[in-house]
Structures are given as C-alpha cells and as structure tokens.
Amino acid sequence: MLPGIDGLAIVQTVRAGGVRTPVLFLSTLGGLDDRVTGLDAGGDDYLVKPFAFSELAARVNALGRRPPMAAAETVLRAGDLEMDLLKRTVTRRGRAIDLQPREFRLLEYLLRNAGGW
C-alpha cells in the first residue's frame with residue numbers, strides 16, 4: 001500500500017532491469033491470490049501483517065542463506081516463437097498468442113527442454 005505505486009510494480013520493474021536482490025513482501029493483503037500474485041511478480045517470500053518479529057528475522061536470514069541467483073533467461077526462443085517470461089507473453093512472427101496459465105507453463109517447459117530430447 002505504497003503511495004503512488006504499489007510493491008508489485010516496483011518488484012516487476014527491478015526484476016525487468018535484471019536486479020536479483022531477494023525480495024520479501026510485507027503486506028496486509030493475506031489472501032491466497034494476493035500471495036500468489038506477489039510471488040509471481042518476482043517476490044522471493046511473502047509475510048502477512050501482523051507478524052512476529054522473530055518470524056521476520058528468520059525469513060530474512062533464510063533469504064540471506066540462499067546462493068546468489070544466476071542471471072536467468074527472461075526470453076525463450078525457438079525459431080520464430082518468442083516467450084517473454086517477465087511480461088508473460090508469447091509471440092510468433094511478431095503476433096501475440098494468448099495462452100492460459102497452464103498452456104504457458106507447458107510451452108515454457110518445452111522451450112527450456114527443447115535441446116534435451
């Protein structure tokens with residue numbers, strides 16, 4: 001609930017810029033959809049207010065123990081097919097293809113594993 005911009009937009013912007021710093025959302029929005037949206041936007045963890053300070057400290061410590069993230073591919077390609085993982089879009093010959101979430105994940109799996117068949 002930041003003034004002028006929300007945390008999701010901030011995280012999406014920094015992730016699009018290649019920043020790999022761990023992100024822990026602290027939010028009053030505790031519904032399942034809110035948590036999933038935060039994690040899908042690029043968050044590494046999500047903690048709902050009110051919370052115990054000891055839990056916050058434990059989660060920050062856990063994030064600090066993770067090995068640094070390697071630069072991840074954000075665009076997958078096969079021929080004239082292009083999948084932008086940050087924007088969650090798929091195009092072929094420059095034309096958008098609308099996919100359901102499950103179809104998107106399946107295509108991502110196939111593109112990531114295309115050379116291993």
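The values are calculated or read from the model by the stated rules, or taken from the named source; none is laboratory data. Source: prediction; values computed, not measured. We place every Cβ from the backbone using ideal geometry, glycine too, and count neighbours over all the protein chains shown. Side chains are part of the model used for accessible areas, which takes the heavy atoms of the whole protein and leaves out ligands, DNA and RNA. Shrake-Rupley method; radii C 1.70, N 1.55, O 1.52, S 1.80 Å.
Quick rundown of the values:
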| item | result |
| --- | --- |
| Tabulated pairs, the range 9-21, first within 14 Å of Leu85 (Cα to Cα) and in contact (Cβ under 8 Å) with a residue 40 or more places away in the chain, second exposed (fewer than 14 other Cβ atoms within 10 Å of the Cβ) and among the β-branched types (Val, Ile, Thr), C-beta under 8 angstrom, 6+ apart or interchain | Ala16/Thr74 |
| Check on Tyr46, aromatic (Phe, Trp, Tyr), closer than 25 Å to Arg20 by Cα and touching a strand residue (DSSP E or B) at 6+ places or on another chain (Cβ under 6 Å) | yes |
| Condition check for Arg35: open to solvent by 80 Å² or more (accessible area, probe 1.4 Å), touching a residue at least 24 places away in the same chain (Cβ under 8 Å) and charged (D, E, K, R) | no |
| Selected residue (criterion: farthest from Arg59 (Cα to Cα)) from residues of the range 1-23 that are in a helix (DSSP H, G or I) and open to solvent by 80 Å² or more (accessible area, probe 1.4 Å) | Thr13 |
| Single condition Arg88 does not satisfy, out of (1) open to solvent by 70 Å² or more (accessible area, probe 1.4 Å); (2) in contact (Cβ under 8 Å) with a residue 60 or more places away in the chain | (2) |
| Candidates Arg93, Arg66, filtered to the one that is in contact (Cβ under 8 Å) with a residue 12 or more places away in the chain, loosely packed, with under 11 Cβ neighbours inside 10 Å and at positive phi | Arg93 |
| Residue identified as free of Cβ contacts under 8 Å to residues at least 12 places away in the same chain and in contact with a Gly (Cβ under 9 Å, 6 or more places away or on another chain) among Glu82, Glu55 | Glu82 |
